[in-house]
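Heads up: the structure comes next, in structure tokens.
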Amino acid sequence: MTRSETLFQQANQWIPGGVNSPVRAFKAVGGTPVFFKSAEGAYITDVDDKRYIDYVQSWGPMILGHSHPSVIDAVITAVKSGLTFGAPTEAETTLAELVCARVPSMDQVRFVNSGTEATMSAIRLARAYTGRDTIVKFEGCYHGHSDSLLIKAGSGALTLGVPSSPGVPEVLAAHTVTLNYNDADQVREFFAERGEQVACVIVEPVAGNMNCIPPVAGFLETLREVCDEHQSVLIFDEVMTGFRVSASGAQGRYKITPDLTTLGKVIGGGMPVGAFGGKRDIMNHIAPSGPVYQAGTLSGNPVAMAAGIATLQELSASDFYPTLFAKTERLVKGLEQAAADAGIAMTTNHAGSMFGCFFTQEKKIENYRQVMACDTERFNRFFHGMLERGVYLAPASYEAGFMSQAHTDADIDLTISKAAEVFATL
Ligand code: PMP
């Protein structure tokens, strides 16, 4: 028995499913989740002392790679001054200014502790601001696990939503409409019918929770247009894409400015941080400036702020993003070539430092239906083949992969050669 297997058995006794977040449990790919004990740069080490090249990077935050010295130093310095005060600190303003200066839509920002809190609060704010209840989201996008957002599409395109988890009231689901990602015509059709009821549209501007699906030309533009036409609030959920697909997020990359933006992951540098922000006249409605309640005992925590500040400062180097994006391209091109050489039908998507592989005959993957039609069994065998050979990929075929600054060309080439070995077995 490996030590991971032993620890997983023990964990199952005290923790539901042995994990504190479901996708970690390897339910999709099968087998026992790997328990890790340390990580540095592009590498992560498990409790059996096996090292892996890590393309999960804690699901996105570790854009500098693990244990980056300046982040670790900043955290240690902050820790020595006390863990939390529940009162304002200078670091909150420093990080707020760094974030607002970089993200075009943000005049003001409120820090929270997770992406879930950020999207939940942004939706409450949008509903209060517009005085409307209906929210529009897209199939395959994930915005955390608050009730209004754990809703999937009903049977027809323009019907009511249905809860995607027991415990979510149907009356809440009735206010959430789920449309098809990358389908601008459907968005127009819906808004023509019910636009005046829509408080907000929330979207992952690059979808990263159904593998990696960049927006097709015109999709985000259409969202901006219909929201302007109907005075609905456009929310970009940039929890994953923020500071990852460009220095100013997806809104900078695709040049569409939403009304509100949610952030998480990278802005916390590995500590639990989320944020939502936007135009001043909307943010003014948040308590204590306005009546929309939102709060948090540990929000703006000084240790988390220190990690975020150190991370964002590192991202300011002029060659940071070009270098990072070149690494992603090297990886996806290499994987595509290796698959083609082995006669495996596979295509890839990428945007900035996010990427995904799809085992399919199709050449272009642009929506949820196509993702669901991919060969999941083949992905699962690919995943385990790579794991065995020391490459840690996200343990599910519908998750994006992440590149970090710490991945070297040699790490990437090694990954490609391991993939070539695995492709030969598929
Ligand atoms: N929005 C997006 C786009 C996400 O990818 C995630 C998490 N993967 C969330 C929201 C929720 O963030 P958290 O897990 O920090 O609550």
Using beta carbons and a limit of 7 Å, which pairs, at least six apart or on different chains, have the first residue in segment 182-209 and more than 11 Å from His230 (Cβ to Cβ) and the second one away from the ligand (no atom under 14 Å from the Cβ) and of a type in the set (Phe, Trp, Tyr)? Asn182/Phe219; Ala184/Phe219; Pro205/Tyr254
The helices (runs of 4 or more DSSP H) lying entirely within segment 298-407 that contain at least 1 residues which are modelled with pLDDT of 95 or more and more than 29 Å from Gln186 (Cβ to Cβ) are 302-314, 320-341, 376-388
Go through segment 164-176 residue by residue and tally those that are crowded, with 20+ Cβ neighbours inside 10 Å and out of contact with any Gly (no Cβ under 6 Å at 6 or more places or on another chain). 1
Output for segment 1-33, where each listed residue is modelled with pLDDT of 95 or more and among the β-branched types (Val, Ile, Thr): Thr2, Thr6, Ile15, Val19, Val29, Thr32
So how many residues does segment 266-295 have that are part of a helix (DSSP H, G or I) and in contact with a helix residue (DSSP H, G or I) (Cβ under 7 Å, 6 or more places away or on another chain)? 4
I'd like the residue in segment 226-240 that is away from the ligand (no atom under 16 Å from the Cβ) and crowded, with 17+ Cβ neighbours inside 10 Å and, out of all such residues, is nearest to Gly115 (Cα to Cα). Val233
Taking segment 125-145 and the residues there that are touching a Ser or Thr at 6+ places or on another chain (Cβ under 8 Å) and farther than 21 Å from Phe190 by Cβ, the one that is nearest to the ligand (Cβ to nearest atom) would be Gly144
Answer yes or no as to whether Thr84 is over 19 Å from the mean Cα position of the chain (by Cα), β-branched (Val, Ile, Thr) and more than 20 Å from Pro302 (Cα to Cα). no
Would you check if there is a residue in segment 54-69 being under 16 Å from Ala307 (Cα atoms) and either of a type in the set (Val, Ile, Thr) or in contact with a Leu (Cβ under 9 Å, 6 or more places away or on another chain) (or both)? yes
Answer residue from segment 241-267, given it is within 13 Å of the ligand (Cβ to nearest atom) and of a type in the set (S, T, N, Q) and is nearest to Asn211 (Cα to Cα) among those: Thr241
Determine whether Ser148 is free of Cβ contacts under 8 Å to residues at least 40 places away in the same chain, part of a helix (DSSP H, G or I) and within 14 Å of the ligand (Cβ to nearest atom). yes
For segment 71-93, what are the residues that are in a helix (DSSP H, G or I), surrounded by 14 or more Cβ atoms within 10 Å (Cβ to Cβ) and in contact (Cβ under 8 Å) with a residue 40 or more places away in the chain? Val71, Ala74, Val75, Ala78, Ala91, Glu92
Anything in segment 380-405 that is among the hydrophobic types (A, V, I, L, M, F, W, C) and either in contact with a helix residue (DSSP H, G or I) (Cβ under 8 Å, 6 or more places away or on another chain) or crowded, with 23+ Cβ neighbours inside 10 Å (or both)? List them, or say none. Phe382, Phe383, Met386, Val391, Leu393, Ala394, Ala396, Ala400, Phe402, Met403
Tell me yes or no: at least one residue of segment 276-289 is in contact with a Pro (Cβ under 8 Å, 6 or more places away or on another chain) and in contact (Cβ under 8 Å) with a residue 60 or more places away in the chain. yes
Criterion (under 13 Å from Cys212 (Cβ atoms) and small (Gly, Ala, Ser)) met by exactly one of Ala340, Ala400, Ala420: Ala400
If you go through segment 211-233, how many residues are in a helix (DSSP H, G or I), of a type in the set (Val, Ile, Thr) and touching a strand residue (DSSP E or B) at 6+ places or on another chain (Cβ under 9 Å)? 1
Counting only residues that are in a helix (DSSP H, G or I), out of contact with any Ser or Thr (no Cβ under 7 Å at 6 or more places or on another chain) and more than 19 Å from Leu315 (Cβ to Cβ), segment 94-124 contains a total of 3
Where the second residue is of a type in the set (Asp, Glu) and outside any helix (DSSP H, G or I) and the first is more than 6 Å from the ligand (Cβ to nearest atom) and lies in segment 112-124, which pairs have Cβ atoms under 9 Å and are six or more apart or on separate chains? Ala118/Asp237; Ala122/Asp237
Here are Thr323, Thr328, Thr347, Thr311: which of them is β-branched (Val, Ile, Thr) and surrounded by fewer than 16 Cβ atoms within 10 Å (Cβ to Cβ)? Thr323
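The values are calculated or read from the model by the stated rules, or taken from the named source; none is laboratory data. These numbers were taken from a predicted model, which means no experiment stands behind them. We place every Cβ from the backbone using ideal geometry, glycine too, and count neighbours over all the protein chains shown.
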